Structure formats: C-alpha cells, structure tokens
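The values are calculated or read from the model by the stated rules, or taken from the named source; none is laboratory data. In this text the structure is predicted, and so the values were computed from the model without any measurement. Using ideal geometry, Cβ is built from the backbone for each residue, glycine included, and neighbour counts are taken over all protein chains shown. All accessible areas refer to the heavy atoms of the entire protein, side chains included, with ligands and DNA or RNA removed. Shrake-Rupley method; radii C 1.70, N 1.55, O 1.52, S 1.80 Å.
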Amino acid sequence: MDLKAGSRLRSVVDTTEVVVVRAPAGDVDLRCGGQPMAPVGGDGAQAGELDPKFAGPTQLGKRYTDDSGELELLCTKAGDGALSLGDVVLGVKAAKPLPSSD
C-alpha cells in the first residue's frame, strides 16, 4: 500500500481508524490486528479475524511510529488490534520534553 500524509485508514478486524501523519516513500505493509488496513469509506465489511499475536489495544489520540520514525499514525478510533508494519508492532510515540523555564 502506498501511503500519503492525511490518508485515513481503518482496520478490517476491529474498530481502529488512523490518519497518516508521516509516510515513508514506497510500498508499506501496514496492518492492524495482523490484517492489512483498508481506506476509510472504501468497500467495507469487516473481514478476517484478529491474530492473537497482534492483539493489544490501539489507544484513541495516541501517535504510533516505527523505529526509524519514517511512519507516524494518529489513532482517531480505538480498537483491540495492535498496529504493525509487517510483523513489527508499532510503538506509541513518546512526548517531547518541554524546555526548561529557568
């Protein structure tokens, strides 16, 4: 799947929806719950089942990123499946510390 910033995607196995904030160039194997994600508003019935290896909550309002930082997603609807890039689960992006006011 070729991703662009601003694209909206949904899970086919649970209620998770995300917005792409930053996308790497080229083809990306983005999954939720172990199944490939689909565009929001696309052909749309739920299909497949949640893979137990990729079970884990996706939290509303959290940003998920890969280790390189080239892919960043914002969760707009929470769900039961973990976001992954292929077989590698994406982590929650940590907040940047604020500068000291001293």
- Taking the highest mean first, how do the peptides 55-64, 89-98, 73-82 order by number of other beta carbon atoms within 10 angstrom per residue? 73-82, 55-64, 89-98
- Note on the structure: GNM of the chain, Cα pairs under 10 angstrom: of Ser68, Ser84, Ser11, the biggest fluctuation goes to Ser68
- Asp67 paired with Gln46, simple spin-label distance in nm, labels 7 Å along Cα-to-beta-carbon: 3.3
- Message: Per 0.36 nm of contour for each residue apart, how much would the distance between Lys77 and Val19 grow if the chain were fully extended, relative to their Cα-Cα spacing?
- Response: 19.9 nm
- Item | Number of Lys pairs (Cα under 18 Å; 8 or more positions apart or on different chains) in the chain | 4
- Item | Rounded to the nearest 20 debye, dipole of the chain from Cβ charges on Lys, Arg, Asp, Glu | 380
- Message: Give me the percent of accessible area attributable to carbon and sulfur for the stretch 5-67, probe 1.4 angstrom.
- Response: 49
- Query: Quick one: accessible area per residue over the chain, 1.4 Å probe, rounded to a whole number of Å²?
  - Reply: 60
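Which shape class applies to the stretch 60-102: rounded if a/c is under 1.5, otherwise prolate when a/b exceeds b/c and oblate if not, where a ≥ b ≥ c are the square roots of the Cα gyration tensor eigenvalues?
Because a/c hits 1.5 or more and a/b fails to exceed b/c, the stretch 60-102 counts as oblate.
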- Message: I'm spelling it out carefully: the read-out is mean projected area of the Cα convex hull in nm², the candidates are (i) 9.7; (ii) 19.1; (iii) 7.1, and one was derived from this structure. Which label?
- Response: (iii)
- Message: For the chain, set up a GNM with springs between Cα atoms under 10 Å and report which of Glu17, Glu49, Glu72 has the largest fluctuation.
- Response: Glu49
